Structure formats: C-alpha cells, structure tokens
1. So if R0 is 60 Å, what FRET efficiency would TYR113 and ALA303 give, r being the distance between their Cβ atoms, rounded to the nearest 0.05?
2. Using amide H atoms built 1.01 Å from N in the peptide plane, name the residues 5+ places from VAL307, or on other chains, whose amide H lies under 5 Å from its own.
3. Too long at a 24 Å Cα-Cα cut-off: which of LYS206/LYS388; LYS341/LYS386; LYS39/LYS71; LYS104/LYS341?
4. Compute the distance in nm between two label points, each set 7 Å from the Cα along the Cα-to-Cβ direction, one at ASP233 and one at ASP250.
5. Assuming R0 = 45 Å, can you tell me the calculated FRET efficiency for the pair SER220 and SER321, based on Cβ-Cβ distance, to the nearest 0.05?
6. Tell me, what is the FRET efficiency for TYR240 and ARG59 to the nearest 0.05, using R0 = 45 angstrom and their Cβ-Cβ distance as r?
7. Skipping prolines and chain starts, which residues have an amide H placed within reach, meaning under 5 Å, of the one on TYR230, given they are 5 or more residues away or on another chain?
8. Pull out the extension gain between ASP86 and GLN43, defined as 0.36 nm times the separation in residues minus the alpha carbon to alpha carbon distance; nm, one decimal.
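Read-outs throughout are calculated quantities, based only on the coordinates presented, and are distinct from any laboratory measurement. Bear in mind the structure is a predicted one, so any value in this text is a computation, not a measurement. Quick reminder, even Gly has a Cβ in these numbers, built from the backbone with ideal geometry, and neighbours come from all protein chains shown.
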Amino acid sequence: MERRVQEKGQALIVVALAAIGLFAFAALAIDGSRVFSDKRHAQNAADTAALAGGLAHARGKSIAEVQDTAKARATSNDYDDGASNDITVTITDTPPGACAGTGKDITVTIVSYVPTTFARVVGRAQVTNAVTATARSCDVDVQGGIPLYDHISVMTLNTNSCNGRPTKNLYVGGSGHLQLYGGGMGSASADGGCVDFSGGETQLKKEDPYCGDLLTAASSIQGNNLNKLYDPDNCSDVVYNAAFEPPLPDLGITCSTPATQSGNTLSPGNWDTSTISPGSISTLQPGTYCVTGEIHLTGGTLAGTGVTLVMLNGRFKMTGSSQMAITAPTSNYDSFGNYTKGLLIYYPPSNSSDLHMEGSSNGNLSGTILAQSSNCYFTGSEQIQKAKLQFICDTWQMNGSGQGELVWDSTVFYAPTTTISPAISVLK
C-alpha cells in the first residue's frame, strides 16, 4: 500500500518565517529611519550646544556657567538629560599652539535611546545613538610687547637726503659726550651724509649681554663722519642698508576730563598751558596729560611717576636750570583707556614742533620719547645720566658740552601690542 507524506502545517512555517523577514525589512526601513533621523538631530543639537558653550566662555563665563549654557541649548533641541538621553559636557585646555594664547575645548556628548517598533521582533527593543561635538574657544590674546626699534636708543625717521637740508639725522658735535649702554642709533635716510659724529664723543658701550650698533639705510658713510664714534668694548658694528619699520600712525590718545590744579600739583586730563602755567606745577600725578600749547621749563623742578605727556600741538622745552624727574607708566592702560605703558612724551605725527633739552637743565627720565615728526635737540650743558630713555624723532642732534648716558632697558620702553579677538570654531 502506497504511503503519502503529510504536508499540512508547512505553509504556516513558511508564512511565519516570511513574516519575520518582512518585519526585519520593516524594522530596517522604519526603525532604521527613526534611528538615523535621531542621530542627525542629536548631532545638530551637540554642535549648537558646543558652540553655545564656546560663546559663553568667550564672554568670560565660569566653567560651571559654560556647562549650564551648553546643556540648556541641548535641552532647547529636545535633549534634556532625562530618561531618554544622557548629556555630558567636558571642558579642557586647548593644546599648545592651538590658540594664539590660551583657550578651552568644549566637548558635548549626547547619548540617546531610541525605542523600536518592528525591531522588537528580532530582539531589539531600543537602539543607542552616541554623538559628540567639540568647539574651540580661544581667549583674547595680546601679542607684541617688543619696544619700537628694538635695541635702538636713538632712532631718526627722516628718509630724505641731507643735501641742502639744515639738519642731519644723527649729529653729535661740540664737546658733548654721549654714551649708549646696550642700545644703538639708527638713521632711516639712505644718504650717508645724514650721519655725522665728527664732533664731541659718542661711545657705544656694552650692557650685558647687548652691544649697541649704528644702523643706517645708507650704503656707506664717509670716514671722517665717524671720527668721534667709539666702540670701547669692541662689540659694536656699523650696519649698512638697514631696513626699518615705518613710523606709527597716530596712537589716538585722548583725555576725557580736564586736568585740575591743586596747589602746585596737577591731576591727569586735558591741560591747556595757557590756562594752567607749567611754571606753577611741580608735581604731576600718575596718568596721561593731553597738552594744548607749550611746556617750557626755565627753572624749578617738575616730577611725576607713571606719567605720559601728549603734546598735541606745541613743543616741550627744558632750558635754564630746570630739573625734571619723570618716569613713564608701568601699567598697560591709563584711566582714560589709552595704552601708554612705557610712553613718556608723545608728539602725534601731526605735531612737528621741536623738542628741546638744553641749557644747564638736568633730566632724570625713564621711558620712550616718541616725536617722530619732530627735530629733537640735546644742547647746552644738559645732563642726563644713566637714564633708561629712548628717543624716536625725525632728527636728533647733540651739541654744546652736554652729557647724555642712555641705558637700554626694554622693560620700561613703549612696546605697542596687537590684540587678537576671541575666536570660536567647531572641530568635529
């Protein structure tokens, strides 16, 4: 008798297996789309949260405030660090060289848990997404801090030829004595005849570890013009075809309040010398003085610590037996918001009035004299001894029987800076 194999129920197995496959495809299509959409949304949320944290840091917020700001931004994008997601904000210092100065890397990590519908059939009740984003927030950085015309104690910026010009760039004559310790002299003119040390005595002396040089844009200087230039320590050079930075634009120094007089003491501010006579002042309080008119000292003493004199349109002149003891500021900014560290006397480029130190006056000065459009004169029997002083003028001349000793000290001279604004970027 022929026996037949029973096939009842096999179709049910096939249908069940097919259904599982269909659910798997549905899970891939539907649940997969949900997971992909959540991951994209979470990534956008992490990016904006990291940027928000970076901006908070750039605005000077504390570490805790930066973290709170980043989490708040994530929450606004539906990631609230609740049951369905975890948010972590970590803040670390930027690696060396990543920012011009210092900075922070703000990293936001979002882990989200996406429930599934069809994938449950294959044993996946939820899918975990993990995304991360890092924003770099570089702090405000101040760069520079190198004195103008580094290691040049007397710099002259006139670039014209001296043929037919009544003044020379660098001139020492008469019986004057000039000694420069660690700092040199510079002439921006390509005319070698603008440099003349045929009189007096000029010494470029070593101030460990530096020796000052004579630098000129000219290709040569006739020999007799260097007759009275000495190198007692045998370490200085004459450098030809030197290149120099151009003169600075106007520094824009302003004073927002009037200077006020109390007895023989003056406070910082706008000083009209036709109203307040320099002869009635013996003490200058620390700060900046924006001077309209002339300061002409013929006697007495003028003293002050942390002072900047801005000669807006007149000249500064010491004659007779006047005594001056003034030092430049040692802090970066004055009370009016001007950067004046190391700046002793400043003539804006529009002021070409002469600057005079002459007669039998004595000066105990420290800082940079920046009078780049002016002729500076050091004449008579003026005495400046071991002064940490730098001259930057259009021309500079020493005559008479005066004695000047200028010591290079970069810590007390004007050193302009460049401020780099904070920067924020997304790394990943």
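1. E(calc), rounded to 0.05, equals 0.20.
2. GLY287, THR327, ALA328
3. Beyond 24 Å between Cα atoms: LYS104/LYS341.
4. Taking the two extended label points, one gets 4.1 nm.
5. My answer for the efficiency is 0.60.
6. The computed FRET efficiency comes out at 0.30.
7. THR202, GLN203, LEU204
8. Stretched out fully, the ASP86 to GLN43 stretch lengthens by 14.1 nm.
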